[in-house]
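Asks: Dropping a structure here in structure tokens format, bear with me for questions.
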Amino acid sequence: MNAGTDIVGNDCMVVDLETRHVDAATAAKRVRRLHQTPAQARCHKIDSVLRGNWPHEVKALLDAGFAIDVVPSFPDAGRYCRQGVVYVNDVPVAESASADDPLNPITSSRPIELLLAAGCWDRDVRVVDANDNNELARAAERCRSEGRMLVGPSGAIQAFAATFSRSHSPRKFVPKAPTLVVCGSLHPVSRNQIRRLGCPVHTPDDFFQISERISVLTTIEPTTTPRLQEARAAARALANSSRSVTGIGTLVVIGGDTATAILGDEPVQVLGNLGVAIPFANRNGQLLVTKGGGIGKPDTLLDLLSA
């Protein structure tokens, strides 16, 4: 959705500001503009492994008068915060496999250090520990009861949404054949998941027709660290190639930048989750599944598509 779109009634809206790869000033400007939109409650999502401009975005929110609780935990995905340090599967995030992200290297496992470096001195911002889902739920309850804005990954925002106690009937996921998997992420987790599918893998330079079951479209793994422009060009190439494929029943997109290149400002209706941080949605009649590059176990994709 475009920033500034009105929220009516009891609607819940998610707006992608695409701030990870822009400069800090541009990220802050987009955040200030978006959060002028009237809302009963609001959260601000950040990357679960602390990549991107989020400390500068928090400063923009503080400048706008919001009190902030940074809750950098998603226990179901192996992310949690203990004594001010963010861990990924018991490894400090700055020492994890995500630390050497070619476009957003992680410089500290302590959110407070990143916040102070962005200028959040003597401001109403707290970094809240949460080691498990019970602690995460308490953190979200406290945040809402005190009228603060929660800043955190999708697991923390899910905990905040649960404080509203709105019941809903889960939607059943019934895949529509054929399936196209588009992977632009270079994260080793997703690349391993692709290999374990055992399917033919195509690149944007290939001419191919989608199979009756599963086809995979991805980039060749680079031998050197790609620059930002190269990464964006690769994402656009994947998006253009995927658009040329007709008759897709289910589209699986791996990697946030790839999803951005494919979807742009196109709105989708989220229907539910297929696993931890793997939502599925209705994209104008087409089933859409999205997954972050570092999300899941070796057989996550195989199990999902086999089912």
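The values are calculated or read from the model by the stated rules, or taken from the named source; none is laboratory data. All values reported here derive from a predicted model rather than from experimental measurement. For neighbour counting, all protein chains shown are included, and Cβ atoms are generated from backbone atoms with ideal geometry for every residue, glycine included.
Asks: For region 44-89, name all the residues that are surrounded by fewer than 21 Cβ atoms within 10 Å (Cβ to Cβ), closer than 17 Å to residue 128 by Cα and hydrophobic (A, V, I, L, M, F, W, C).
Replies: Passing the criteria: 62, 66, 67, 85.
Asks: Another question, if that's okay. Could you list all residues from region 227-249 that are over 23 Å from residue 180 (Cβ atoms) and modelled with pLDDT under 80? Spell out the reasoning first.
Replies: Taking region 227-249 first, the residues over 23 Å from residue 180 (Cβ atoms) are 227-230.
Hits for region 227-249 are 227, 228, 229.
Asks: If residue 195 satisfies all but one of (1) of a type in the set (Lys, Arg); (2) assigned to a loop (DSSP other than H, G, I, E, B); (3) in the same structural domain as residue 297 (by TED's automatic domain parsing), what's the number of the condition it fails?
Replies: (2)
Asks: Another question about this same structure. Does any residue in region 196-215 that is of a type in the set (Asp, Glu) come within less than 6 Å, Cβ to Cβ, of a residue that is modelled with pLDDT of 90 or more six or more places away or on a different chain, and which pairs are these?
Replies: Close Cβ pairs satisfying both conditions: 212/178.
Asks: When you scan region 204-307 for strands (runs of 3 or more DSSP E) that lie fully inside it, which ones turn up with 3 or more residues that are more than 16 Å from the chain's Cα centre (by Cα), under 22 Å from residue 192 (Cα atoms) and of a type in the set (A, V, I, L, M, F, W, C)? Steps first, please.
Replies: Values: elements: 214-218, 250-254, 269-275, 278-283, 286-291.
It comes to 214-218.
Asks: Report, ordered by the first and then the second residue, all pairs with beta carbons closer than 8 Å, sequence separation of six or more or different chains, a first member in region 240-259 that is more than 20 Å from residue 190 (Cβ to Cβ), and a second member that is part of a helix (DSSP H, G or I).
Replies: 243/262
Asks: Anything in region 74-97 that is more than 18 Å from the chain's Cα centre (by Cα) and part of a helix (DSSP H, G or I)? List them, or say none.
Replies: Within region 74-97, 94, 95 meet the criteria.
Asks: Across region 270-296, what is the total count of residues that are touching a residue at least 12 places away in the same chain (Cβ under 8 Å) and farther than 23 Å from residue 244 by Cα?
Replies: Number of matching residues: 13.
Asks: Which count do you get for residues in region 279-294 that are under 23 Å from residue 159 (Cβ atoms) and surrounded by fewer than 19 Cβ atoms within 10 Å (Cβ to Cβ)?
Replies: Final tally of qualifying residues: 2.
Asks: Separate question: Can you go through 16, 47, 69, 100 and tell me which one is of a type in the set (Asp, Glu) and not in a loop (DSSP other than H, G, I, E, B)? First the steps, then the outcome.
Replies: Working: 16 fails: not in a loop (DSSP other than H, G, I, E, B); 47 fails: not in a loop (DSSP other than H, G, I, E, B); 100 fails: not in a loop (DSSP other than H, G, I, E, B).
Just one listed residue meets the conditions, 69.
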